[in-house]
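What follows draws every value from the coordinates through simple rules; no lab data is involved. These numbers come from a predicted model, not from an experiment. Don't worry about glycine lacking a Cβ; one is built from the backbone with ideal geometry, like all the others, and counts go over all protein chains shown.
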Amino acid sequence: MLKAIIYKEWIKIKKVSLFLLLIGVLIVIGIYSNVRHELIIKDAESYWNGILQQRTIYFSVLKFIPLIVGLLIAVAQFVPEIVDKRIKLTLHLPTNEETIVLKMVLFGFFCTASILAVFMGMFLGMGSYFFPQEIVWVSFLTTAPWFLAGVAAYFLVSFIVLEPLWKQRIFYMLFGAAFLGIFFKGRFPGSNEYLLWPFVGLIACISIATLFSIYRFRKGEM
Amino acid sequence: MENVVECINLTHYYGKKMVYENLNFNIKRGSILGLLGKNGAGKTTTINIINGFLTPKSGKCMILGEDSRYLSSKTKAQIGYLIEGHVQYAFMNIYQIEKFYSGFFPNWKREAYFDLMAKLKVTPKQKISTMSCGQRSQVALGLILAQDPELLVLDDFTLGLDPGYRRLFIDYLRDYAKETNKTIFTTSHIIQDMERLIDDCMIMDYNRVLAYMPVKKFLNEFKEYTIELENPDIEVELEKPIVNLEKMHNKLEIYTYASPEEIKGYLDAKGLAYKNFQEVEMSLEDAFIGLTGKY
């Protein structure tokens, strides 16, 4: 049964996942091509000075990429379920309604997290080649909330797409935008260091929000 | 004979708008009930209640002995469900969708599905979204046949089908249901050909049931008479024994459960002058329109 669910979900998100993976990899490569260019071809001293003294974030292009990944995977996975109310087919399958939806969400989360983990791994791995450990660590602390925002976006967009009524959807969108804004508050590199675990806690809270959408659908809100 | 579906005192409202109150019906094992009504009469609402997608304001539906609000996985496996417009996972092709569903049903009959698919002129990788409505109907039907459920719940399956596919769908379904003693609950607002499929009919208008009986009985007892009024300006009241009236110029169509003699007696008692009293033979579609009205 789980195999069948994964099979269907993968058909829906395969193309978008691979596309996003490719784009993300190219962006990370692009960031370090630029770093290499600055260090070797241009003025390495002033570049170092910018990072160390002026707290310049050399990877700001990465800021909203995880968010877009989470958003697009959720859209690719759940919009086909609400077109023509196909979610009825899913809920009619001979298994518990909540369990099947949670399994779908879990698979989408796994794909989102895997793509983001590849980005993060590449970003930190390539960073280690150019920078000392301290800068790589601060880069991790800076980007971690952005990557967590990607995961949060996945759960929020899944919840919003599955919500049966547009009125509620718009309200949730506004709430979602404000909620995701929290992840981008820090101005300086590593400024959200002590918020990472609270962010994880918040994500854990919204991870099962899709169950509320399904509850509303089954109550007849269509 | 045991009831596969038993709906007791179903009442539902959307906000303040009443869909129906105290709707009662049941479907015996092996029989086919058609819920016929115009758009908005409450057909899909009933289907949603039966499938547990909607909680009625009051009353309940028992499906294979279980309350429809709390259907177990075992019972859901025994209900084949066809959504209005033959909606399926359109992002899959016919092989992918079969592979997906087969993972949920231990008694999956893949031959039944592929026998039907062999008749379709589709390419192996063609997505369901690119198929015609008729082809999609066959995919949806094939999946239900492979599931081999006890109860088939079909929501307006005739929608969008051309006459050929409609006839094919109905004949295939009828043979299958009768050979295997399956129970079918179907809704439709297109009545053409439905008498080939259903045993019992429940005809609904807004808020109420107009008729609920075996199709043969309905077609035997529900009559249409036509007369030509001598005075075309005269207004004829809609009252017993007349169920419905359609008037065009001096021609009056009378729909009733009464015999010709009773109607003639009624017209005479009302002092209506007329000529050319005729009884008109009706198909189920004619009778449906006669009962529910053209508007």
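With axes computed from alpha carbons, what is the tilt in degrees of helix B:163-180 against the longest principal axis of chain B, rounded to the nearest 10 within 0 to 90? Computed tilt is about 70 degrees.
For the range A:2-218, the relative contact order comes to 27 percent (Cα pairs under 8 Å, sequence separation of at least 6). Entry note, the protein assembly as shown: the mean residue ellipticity at 222 nm calculated from DSSP H runs of n ≥ 4, each adding -39500 (n - 2.57), is -16000 deg cm²/dmol after division by the residues and rounding to the nearest 500. Residues of the range A:67-97 with amide nitrogen under 11 Å from the 7 Å Cα-to-Cβ point of residue A:1? Zone members listed by number: A:93-97. Qualifying GluC sites (Glu not before Pro) in the range B:1-110, where qualification requires a DSSP coil assignment and no more than 16 other C-beta atoms within 10 Å, comprise B:2. What distance in nm lies between label points placed 7 Å from Cα along the C-beta direction at residue B:18 and residue B:220? So the label points at residue B:18 and residue B:220 sit 3.3 nm apart.
Here the protein assembly as shown is treated with +1 on each Lys and Arg Cβ and -1 on each Asp and Glu Cβ, and its dipole about the Cα centre works out to around 1980 debye. Put a dot 7 Å past the Cα of residue B:277, heading toward its Cβ, do the same for residue A:215, and the two dots end up 6.5 nm apart. Panel order for A:28, B:87, A:79, by other beta carbons found within 10 Å of each beta carbon, from fewest to most: A:79, B:87, A:28. Here residue A:46 and residue A:177 are evaluated by their C-beta separation; at R0 = 56 Å the FRET efficiency comes out at 0.90. Summary value for chain B: 19 percent relative contact order, contacts being C-alpha pairs under 8 angstrom separated by 6+ residues. Annotation: extensible slack from residue A:117 through residue A:102 equals 3.2 nm (criterion: 0.36 nm per residue apart, minus Cα-Cα distance).
Long hydrophobic helices in chain A, taken as whole DSSP H segments with a C-alpha length of 24 Å or more on their own axis and mean Kyte-Doolittle hydropathy at least 0.0: A:2-36, A:65-82, A:97-130, A:133-162.
For the peptide A:80-92, the mean number of other protein chain Cβ atoms found within 10 angstrom of a residue's Cβ is 5. Beta-bridge orientation, chain B: approximately 65 percent antiparallel, per DSSP, counting only bridges with both partners inside.
Of the residues B:282, B:271, B:249, the one whose Cα sits farthest towards the positive end of the charge dipole of the range B:222-292 is B:271 (charges of +1 on Lys and Arg Cβ, -1 on Asp and Glu Cβ, taken about the Cα centre). Restricting the range A:98-192 to trypsin sites (Lys or Arg not before Pro) that sit in a DSSP loop and have at most 14 other Cβ atoms within 10 Å of their own Cβ leaves A:185, A:187. Spin-label model, residue A:191 to residue A:110: label points 7 Å out along the Cα-to-beta-carbon direction sit 3.8 nm apart.
Each of A:55, A:218 was scored by other Cβ atoms within 10 Å of its Cβ. Arranged with the fewest first, they read A:55, A:218.
Rounded to the nearest 0.05, the FRET efficiency derived from the C-beta distance between residue A:200 and residue B:115 at R0 = 51 Å is 0.45. Sites listed here are trypsin sites (Lys or Arg not before Pro) in the range B:261-295 whose DSSP assignment is loop and whose Cβ has at most 12 other Cβ atoms within 10 Å: B:270, B:294.
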